Amino acid sequence: MKLASLKHGRDGRLVLVSRDLRRAVDATHIAPTLQAALDDWERCAPELQEIYTELNAGDAPGAFGFDEGACAAPLPRAFQWADGSAYVNHVELVRKARGAEMPESFWTDPLMYQGASDEMLGAREDIVAGSEDWGIDFEGEVAVITGDVPMGTDALAARRHIRLLMLVNDVSLRGLIPGELAKGFGFFQSKPASAFSPVAITPDELGSAWQDAKVHLPLLSSLNGAPFGKPDAGVDMTFDFGQLIAHVARTRNLVAGSIVGSGTVSNRQGTGHGSRIDEGGVGYSCIAEIRMIETIRDGKPATPFMRFGDRVRIEMQDARGASIFGAIDQQVRRAGS
């Protein structure tokens with residue numbers, strides 16, 4: 001199934017979206033919001049699936065044209081937003097960029113931070129920042145939405161609690177990160193609101209691309225219309241989504257509607273440092289990585305972080321080139337403008 005939340009109140013209005021992202025149909029008679037559907041998934045999922053089948057067959061009464069720009073985030077606010085760093089290559093590069101060594105334990109124990117979940121941005125909402133000096137960066141990721149997960153659930157069992165998948169732009173303010181982490185208490189101001197794809201999908205929509213709790217497809221990103229990255233989300237993912245969920249649930253229960261992110265999708269490529277698309281590589285899912293490569297190669301970074309007016313687009317396509325989740329397409333805007 002493909003589900004979306006049209007902008008309506010604080011928590012959106014639930015709709016089902018056709019597989020080709022062209023049509024939608026109201027689903028509020030089954031559940032008024034996506035969170036309500038997740039809270040009662042055993043009842044709601046079969047009823048939603050029935051209407052989804054009708055929608056794809058062209059038989060759903062009341063169907064209308066789907067507009068990605070009318071969508072809020074699938075969960076406009078969530079009970080939990082825990083973002084991991086499953087692609088350890090990304091962790092290694094970014095830590096090097098700020099002069100920090102990477103402990104060996106990072107290869108066996110996932111990194112995770114608890115993000116702000118009171119405001120999730122829709123796929124077309126602006127990235128708002130107070131200053132370009134903050135080092136505005138995008139981070140292309142995949143995320144899952146869980147059902148209820150009991151404390152102590154192991155990694156294999158955790159896979160059964162995955163309800164939906166989305167794409168994420170986990171915006172980072174690189175200029176603020178070093179000062180915050182130096183305090184020893186983690187991210188806060190340096191991690192503003194994240195944006196999510198227009199549509200959330202059940203794992204079966206991915207077919208054979210969903211294996212071992214990983215998405216085996218390229219994550220496409222562009223900056224100001226130029227291709228920036230196409231790393232495969234199933235390659236070099238050190239921790240699968242089952243492992244990430246189990247890590248979060250080690251000491252707590254997770255409630256239905258919890259979001260767990262993969263961290264920035266990153267492929268090692270060749271030497272382990274990767275390469276740009278225009279150099280024959282798969283590129284990157286954030287600016288920080290390419291700046292680190294430039295520093296290693298040239299002694300200093302050359303690629304600037306995003307400026308006001310810049311636009312980033314993040315998307316994933318199936319084998320036929322059709323968009324799966326719809327696109328995150330955001331412009332950077334000065335606060336107050």
- Item | Inter-probe distance in nm under a simple model that places probes 7 Å from Cα toward Cβ, at T303 and L223 | 0.5 nm
- Note on the structure: Candidates K183, K96, K191; GNM for the chain (alpha-carbon contacts under 10 Å) flags as most fluctuating K183
- Task: Let me know the shape class of region 153-206, please: from the alpha-carbon gyration tensor, a ≥ b ≥ c as square roots of the eigenvalues, rounded when a/c is under 1.5, otherwise prolate if a/b is greater than b/c, or oblate.
- Result: oblate
- Could you check what % of the DSSP bridge pairs in the chain are antiparallel, to the nearest 5? 85 percent
- Message: Students often get this wrong: which residues of region 303-337 have the backbone nitrogen under 18 Å from the point 7 angstrom along Cα-to-C-beta of D20?
- Response: 317-327
- Task: Just round it to a whole percent: the fraction of Cα-Cα distances in region 170-255 exceeding 18 Å.
- Result: 67 percent
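Please report, as a whole percent, how much of the solvent-accessible surface of the chain comes from carbon and sulfur atoms (probe radius 1.4 Å).
With neighbouring chains kept in place, the figure for the chain is 49 percent.
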- Message: Taking the Cα centre as origin and putting +1 on Lys and Arg beta-carbons and -1 on Asp and Glu beta-carbons, what dipole magnitude results for region 205-282, to the nearest 20 debye?
- Response: 280 debye
- Message: Quick check: Cα centre of region 93-136 to Cα centre of region 142-167, how many Å?
- Response: 22 Å
- Message: Among S208, A193, P178, whose Cα projects farthest towards the positive end of the dipole of region 175-232, with charges put on the beta-carbon of Lys, Arg (+1) and Asp, Glu (-1)?
- Response: P178
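Magnitude of the Cβ-charge dipole of the chain, K/R +1 and D/E -1, about the Cα centre, nearest 20 debye? Mind dumping the intermediate values first?
Details: 34 positive and 45 negative charges, 123 e Å.
Magnitude of the dipole: close to 600 debye.
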- Taking the Cα centre of each part, how many Å lie between region 1-29 and region 46-63? 12 Å
- Message: Going by average Cβ density within 10 Å per residue, which order do the peptides 238-251, 322-335 take, highest to lowest?
- Response: 238-251, 322-335
- Listed residues G283, G326, V312: farthest to the positive end of the dipole of region 239-335 (Cβ charges): V312
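Mean 1/r over all different Cα pairs, inverted: what Kirkwood radius does region 201-337 give, in Å?
Details: mean 1/r = 0.0593 Å⁻¹.
For region 201-337, inverting the mean 1/r across all distinct Cα pairs yields 16.9 Å.
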- Message: Test of understanding: in a Gaussian network model of the chain with alpha carbons linked when under 10 Å, which of R252, R77, R307 would top the mean-square fluctuation ranking?
- Response: R252
- Query: If you build a Gaussian network model of the chain, linking Cα atoms that sit under 10 Å apart, which residue out of G135, G299, G152 swings the most?
  - Reply: G299
- Any chance you could list P(r) for region 69-113, counting all Cα-Cα pairs in 10 angstrom bins from zero, rounded to whole %? 22, 38, 20, 18, 2
- Note on the structure: Rounded to the nearest 500, the 222 nm mean residue ellipticity computed for the chain from DSSP H runs (n ≥ 4, each -39500 (n - 2.57)) alone is -5500 deg cm²/dmol
- Query: Taking the highest mean first, how do the peptides 63-72, 140-149 order by number of other beta carbon atoms within 10 angstrom per residue?
  - Reply: 140-149, 63-72
- Sort the following peptides by mean Cβ neighbour count (other Cβ atoms within 10 Å, averaged over residues), highest first: 199-209, 258-268, 105-115, 120-130. 258-268, 120-130, 199-209, 105-115
- Cα convex hull volume per residue for region 206-264, in Å³, equals 117 Å³
- Message: Rounded to the nearest 20 debye, what is the charge dipole size of region 167-307 about its Cα centre when +1 sits on each Lys and Arg Cβ and -1 on each Asp and Glu Cβ?
- Response: 540 debye
- Task: Provide the convex hull volume over Cα atoms per residue for the chain, in Å³.
- Result: 134 Å³
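With N set to the residue count of region 1-91, report its C-alpha Rg divided by 2.2 N^0.38 Å to two decimal places.
Details: Rg = 14.7 Å, N = 91, 2.2 N^0.38 = 12.2 Å.
Cα Rg divided by the expected 2.2 N^0.38 Å: 1.21.
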- Hull volume per residue for region 231-293, using the convex hull of the C-alpha atoms, in Å³ is 109 Å³
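Give the value in nm², to one decimal: projected area of the alpha carbon convex hull of region 132-279, averaged over all directions.
Numbers: hull surface 42.4 nm².
That works out to 10.6 nm², a quarter of the Cα hull's surface.
The values are calculated or read from the model by the stated rules, or taken from the named source; none is laboratory data. Just so we're clear, the structure is a prediction, and the values are computed from it rather than from any experiment. Reconstructed Cβ throughout: ideal geometry from the backbone, glycine too, with neighbour counts over all protein chains shown. Just so you know, the surface numbers come from the protein's heavy atoms only, side chains and all, with ligands and any DNA or RNA stripped out. Shrake-Rupley method; radii C 1.70, N 1.55, O 1.52, S 1.80 Å.
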